[in-house]
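The values are calculated or read from the model by the stated rules, or taken from the named source; none is laboratory data. Keep in mind that this is a model prediction, so the values were computed, not measured. Counting neighbours? That spans all protein chains shown, and the Cβs are built from the backbone with ideal geometry, glycine included.
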Amino acid sequence: MSQVDLPPTLRWLPALNDPALAAAWSLPEWDTVVRTARRLRLLARLAETLEAAGQLQAVPAPAQRLLRAEMQLSRWRTTITVWALQRVGAALADGGYPVVLLKGGAYLGQDLPIARGRLPSDLDILVPHRHLAAAQRRLADWGWEETPMDEHDQRYYREWSHEVPPMQHPVHPVELDLHHNILPPVARTNVDADRLLQRLRPSRWAPWSVFDPADQMLHSASHLFLDAEPRDRVRDLVDLDGLARHFGQRDGQINDNFWAGLADRSRELGLQEPLAQAVHFMQRWFDTPMPEAFVRQVQHAGPGTLRRAWLHPLMARVLTPTHPDTLPPWTQDFAATVVLARYHRNRLPLHLLLPHLWRKWRMRQRAEADPAAPAPEAP
């Protein structure tokens with residue numbers, strides 16, 4: 001029996017896995033779907049799904065035009081991202097250390113189904129921390145420059161973050177985010193990056209590697225539930241569902257070995273809570289095929305009963321998009337504020353967090369009073 005229990009504004013999501021469902025949508029329903037999916041950066045994904053199933057032609061003409069336009073935009077942005085990826089790879093080749101594609105770049109590097117229909121605007125990569133300076137020098141020689149920022153923000157990235165300041169190139173219209181870990185080293189939940197590097201796999205493009213499939217899922221879950229403001233981030237859940245369906249099945253059957261390894265890996269890396277949250281939403285919103293024993297094991301290892309009682313509804317409130325013609329209710333704004341506070345509290349210890357937030361608030365006030373004043377760059 002299906003366990004899907006979607007909020008009204010997301011009842012079109014199952015069509016991403018079963019495109020035949022879209023055939024029953026009326027033109028007013030398509031109007032809502034198109035506007036909601038575009039805001040969630042999932043419209044091109046829906047278009048690619050319908051195109052692959054041979055059903056895009058059957059979509060009403062007004063919606064079909066918008067779907068095709070978004071699909072073309074996605075393909076163009078993917079093309080320029082792959083071009084940048086190839087140039088960055090050439091810059092970092094033969095450095096003597098692994099270079100790793102993260103998130104959307106990794107999905108492209110493996111030609112995963114979830115790579116189709118993305119709207120990439122940046123390229124996330126990772127190198128070992130001990131080789132970070134060498135990688136930055138090579139990238140600088142190829143024209144990549146860090147975003148200018150003041151001393152405090154520089155310190156934020158150098159000492160407290162898991163990445164260096166974003167990099168730009170005068171030719172490539174994508175931002176380059178160079179990481180040395182998947183979570184900040186000073187965060188309450190952090191990861192030993194060397195353990196991730198021990199299980200790398202080659203991508204389809206040299207010299208790039210990608211994380212082990214279990215680590216890709218844990219990275220996606222950690223990014224959504226620990227390292228990002230989740231409003232309108234349903235795409236991250238779609239990615240998790242897609243990764244699970246791709247790696248978690250073999251010959252159309254659930255691959256028990258993958259799921260057992262994922263549970264063990266989450267315990268090894270200390271990421272049981274974000275995995276449990278991901279499993280909760282994959283089960284509730286997507287009916288993702290997962291072994292029942294795995295679900296029970298993850299729920300037992302994740303947040304306790306009292307913590308689940310407030311954490312899951314809070315995240316659901318923030319993740320649920322509002323209708324395109326409706327402003328977010330105060331309850332969602334309040335939930336988003338609580339989640340944002342939790343996000344900051346996870347990233348920095350209090351003795352660093354409070355001065356950092358005070359400075360950000362002061363700079364934001366100055367920027368509002370004087371548009372020429374610099375805005376804070378660090379998260």
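Brief remarks follow.
- Any pair with Cβ under 8 angstrom, 6 or more apart, that starts in the stretch 154-165 at a residue that is more than 19 Å from L357 (Cβ to Cβ) and ends at one that is of a type in the set (A, V, I, L, M, F, W, C) and assigned to a helix (DSSP H, G or I): V164/L132
- Residues within the stretch 117-135 that are touching a residue at least 40 places away in the same chain (Cβ under 8 Å) and surrounded by fewer than 17 Cβ atoms within 10 Å (Cβ to Cβ), tallied: 3
- Test for L6: is it surrounded by fewer than 21 Cβ atoms within 10 Å (Cβ to Cβ) and not in a helix (DSSP H, G or I): yes
- Residue match in the stretch 318-326 (condition: in a helix (DSSP H, G or I) and surrounded by 13 or more Cβ atoms within 10 Å (Cβ to Cβ)): yes
- Single residue of P289, P303 found to be modelled with pLDDT under 90 and not in a helix (DSSP H, G or I): P303
- Search result, residues across the stretch 131-162 that are under 23 Å from the mean Cα position of the chain (by Cα) and at pLDDT 95 or above: L132
- Screening the candidates Q55, Q86 for the property of being surrounded by fewer than 22 Cβ atoms within 10 Å (Cβ to Cβ), in contact with a Pro (Cβ under 6 Å, 6 or more places away or on another chain) and at pLDDT 95 or above yields one hit, Q55.
- A260 under 17 Å from the mean Cα position of the chain (by Cα) and closer than 26 Å to G304 by Cβ: no
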